[in-house]
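A quick write-up on the structure given underneath.
The values are calculated or read from the model by the stated rules, or taken from the named source; none is laboratory data. Given the structure is predicted, the values throughout are model-derived calculations rather than measurements. FYI the Cβ positions are ideal-geometry reconstructions off the backbone, even for glycines, and counts take in every protein chain you see.
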């Protein structure tokens, strides 16, 4: 049984995979001669991409083939879509999508951020499982193997917060961020 094709744009895709979605634009129907084009804009202009949708009745079918996504650079793309017909052009959608490395290709796996690298090194030192290479790291001007445990625990919290903030920023940019605020109320004893 085939998967149902989504009707919204993806917030993340993997390189070397096929991605499909449909778009219904009542003011710009495909069967009335309108064309829909998606533009994907990367921070590096050389990596910008575009894709023309195909008509599917009044709707549009957008297909990024595995061949298409292989050429996408891993990272964040802002996208926008334009409907056009007879010289009229309208922006009909905007958003952001994160392109992730093909999970089957370890050579293109995402490299860790500085905060993730430091957090892993600090935790390895705290657990006593740090290799001699890791113990040679310098964090905030101090060699890891010479930092007292109390200071390492403080640094662990600091870098854990940085990593959490990086992940929250990415999730927020993708529209997948969920606030985790906890409400607390205090009552005086009766």
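Restricting attention to helices (runs of 4 or more DSSP H) lying wholly within region 81-190, give those where 1 or more residues are at pLDDT 75 or above and out of contact with any helix residue (DSSP H, G or I) (no Cβ under 6 Å at 6 or more places or on another chain).
Working: elements: 114-127, 132-135, 149-173.
The qualifying helices (runs of 4 or more DSSP H) are 114-127, 149-173.
Going through 97, 92 one at a time, which residue ends up being within 14 Å of residue 21 (Cα to Cα), in contact (Cβ under 8 Å) with a residue 60 or more places away in the chain and touching a strand residue (DSSP E or B) at 6+ places or on another chain (Cβ under 8 Å)?
Selected residue: 97, the only one of 97, 92 that is within 14 Å of residue 21 (Cα to Cα), in contact (Cβ under 8 Å) with a residue 60 or more places away in the chain and touching a strand residue (DSSP E or B) at 6+ places or on another chain (Cβ under 8 Å).
Matching residues to (1) assigned by TED's automatic domain parsing to the domain that holds residue 101; (2) touching a residue at least 40 places away in the same chain (Cβ under 8 Å); (3) surrounded by 14 or more Cβ atoms within 10 Å (Cβ to Cβ); (4) more than 16 Å from residue 78 (Cβ to Cβ):
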{"residue": "18", "(1), (2), (3), (4)": "yes, yes, no, yes"}
{"residue": "25", "(1), (2), (3), (4)": "yes, yes, yes, yes"}
{"residue": "35", "(1), (2), (3), (4)": "yes, yes, yes, yes"}
{"residue": "38", "(1), (2), (3), (4)": "yes, yes, yes, no"}
{"residue": "47", "(1), (2), (3), (4)": "yes, no, yes, no"}
{"residue": "53", "(1), (2), (3), (4)": "yes, no, yes, yes"}
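What's the number of the condition residue 69 fails, among (1) in a helix (DSSP H, G or I); (2) surrounded by fewer than 18 Cβ atoms within 10 Å (Cβ to Cβ); (3) touching a residue at least 12 places away in the same chain (Cβ under 8 Å)?
Every condition holds for residue 69 apart from (2).
When residue 115 is evaluated against the numbered criteria (1) within 30 Å of residue 142 (Cα to Cα); (2) more than 19 Å from the chain's Cα centre (by Cα), which criterion, by number, is the only one it fails?
(2)
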